[in-house]
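Worksheet: the structure to be examined is printed underneath.
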Amino acid sequence: MHSESLTFTLRLVETHEDLMRACSVRAEAYGHKIPAFRESMAHPDHIDASPWTSIFLCEDKDTGNAVGTMRIQATTRGASMLEIEKYVTPPPELLQQGRAEVTRLASVRGSDPFVRLAMWKACYLYCIAIQARLLIMGVRKPALLRAYERMGAKDIFGDRHEVPLGHAGNLPHRVLALDIGTCEQEWREGYPDLWHFFFATLHPDISVVPLVHRQPIEKVRLHVVQ
């Protein structure tokens, strides 16, 4: 396995300052598409405050600027249900599996095109680390839907039914599930470039474990706007 350096680092949020920088990326990315979202995205919400949520931050190596972010909530860390499951109930066979939900995945305009791909790799590695078998996601954009379907994600009800999601502006989304356990084999056979980035390349700039003691994360929770 060869090692590859990126133009940015990707790590878990550890402090309130980190969290606010992640929120600034959300505000820019989502506010550019839907201006009404800019103000709300600029502040942490109750999902950020959950002890079952982990937030990631991408920082450009040259400038130190925050260029990307995402957050992952998981049932394997103690949550009884994902936020998305307040609006849609997966089939019983899915509920028997450890599940994670990725939301607020965003990058700033003009950032390295590998930022999003690196966040997906971090998401995969994190799901493996916490033993979440299924990655659940609400998706709206046709281009993203096509990309996720090529990766092996499937509608949880086997159709193209759309559901308004309260934690996503009540906009209609398709709800997909990606089986983390089958990704390596399926991508090796049908998506070799993606397989090579995820499984045949070591990226030291991607970290999915906390850099410091747990205490700073608890301090982050205290600053969330209710």
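Derivation of every value follows stated rules applied to the coordinates shown; laboratory data play no part. Being a predicted model, the structure only gives us computed values, none of them experimental. Heads up, the Cβs are rebuilt from the backbone with ideal geometry, glycines too, and the neighbour counts pull from every protein chain shown.
May I ask you to list the residues in the stretch 28-48 that are assigned to a helix (DSSP H, G or I) and either over 16 Å from the mean Cα position of the chain (by Cα) or surrounded by fewer than 16 Cβ atoms within 10 Å (Cβ to Cβ) (or both)? Reasoning before the result, please.
Of the stretch 28-48, the ones assigned to a helix (DSSP H, G or I) are 28-33, 35-41, 46-48.
Once the filter is applied, which keeps residues that are assigned to a helix (DSSP H, G or I) and either over 16 Å from the mean Cα position of the chain (by Cα) or surrounded by fewer than 16 Cβ atoms within 10 Å (Cβ to Cβ) (or both), the stretch 28-48 yields Glu28, Gly31, His32, Lys33, Pro35, Ala36, Phe37, Arg38, Glu39, Ser40, His46.
Residues of the stretch 73-102 being under 21 Å from Arg140 (Cα atoms), touching a Leu at 6+ places or on another chain (Cβ under 9 Å), touching a residue at least 24 places away in the same chain (Cβ under 8 Å) and not in a helix (DSSP H, G or I), which ones?
Of everything in the stretch 73-102, those that are under 21 Å from Arg140 (Cα atoms), touching a Leu at 6+ places or on another chain (Cβ under 9 Å), touching a residue at least 24 places away in the same chain (Cβ under 8 Å) and not in a helix (DSSP H, G or I) turn out to be Gln73, Tyr87, Val88, Pro90, Arg99, Ala100, Glu101, Val102.
From the set of residues in the stretch 85-112 that are buried (at least 18 other Cβ atoms within 10 Å of the Cβ) and of a type in the set (Val, Ile, Thr), which is farthest from Met70 (Cα to Cα)?
Within the stretch 85-112, the match that is farthest from Met70 (Cα to Cα) is Val108.
Residues in the stretch 99-133 that are over 13 Å from the mean Cα position of the chain (by Cα) and either acidic (Asp, Glu) or over 18 Å from Ile47 (Cβ atoms) (or both): how many?
The number of residues fulfilling the criteria is 11.
Among the numbered criteria (1) crowded, with 20+ Cβ neighbours inside 10 Å; (2) assigned to a loop (DSSP other than H, G, I, E, B), which one does Ala118 miss?
For Ala118, the exception is condition (2).
Restricting the search to the stretch 161-192, which residues are outside any strand (DSSP E or B), of a type outside the set (Gly, Ala, Ser), more than 23 Å from Gln96 (Cα to Cα) and out of contact with any Asp or Glu (no Cβ under 6 Å at 6 or more places or on another chain)?
Going through the stretch 161-192, the residues outside any strand (DSSP E or B) turn out to be 161, 166-170, 180-192.
Okay, now just the ones that are also of a type outside the set (Gly, Ala, Ser), so 161, 167, 170, 180, 182-189, 191-192.
Applying the additional criterion that residues be more than 23 Å from Gln96 (Cα to Cα) yields 167, 170, 187-189, 191-192.
Of everything in the stretch 161-192, those that are outside any strand (DSSP E or B), of a type outside the set (Gly, Ala, Ser), more than 23 Å from Gln96 (Cα to Cα) and out of contact with any Asp or Glu (no Cβ under 6 Å at 6 or more places or on another chain) turn out to be Asn170, Trp187, Arg188, Glu189, Tyr191, Pro192.
Look at the stretch 1-27 and say how many of its residues are acidic (Asp, Glu) and touching a strand residue (DSSP E or B) at 6+ places or on another chain (Cβ under 8 Å). Write out each step before concluding.
Initial filter on the stretch 1-27 (acidic (Asp, Glu)): 4, 14, 17-18.
Retained after the next criterion (residues that are touching a strand residue (DSSP E or B) at 6+ places or on another chain (Cβ under 8 Å)): 4, 18.
The number of residues fulfilling the criteria is 2.
Scan the stretch 39-70 for residues that are in contact (Cβ under 8 Å) with a residue 24 or more places away in the chain, within 26 Å of Leu6 (Cα to Cα) and of a type in the set (Val, Ile, Thr) and jot them down.
Ile55, Val67, Thr69
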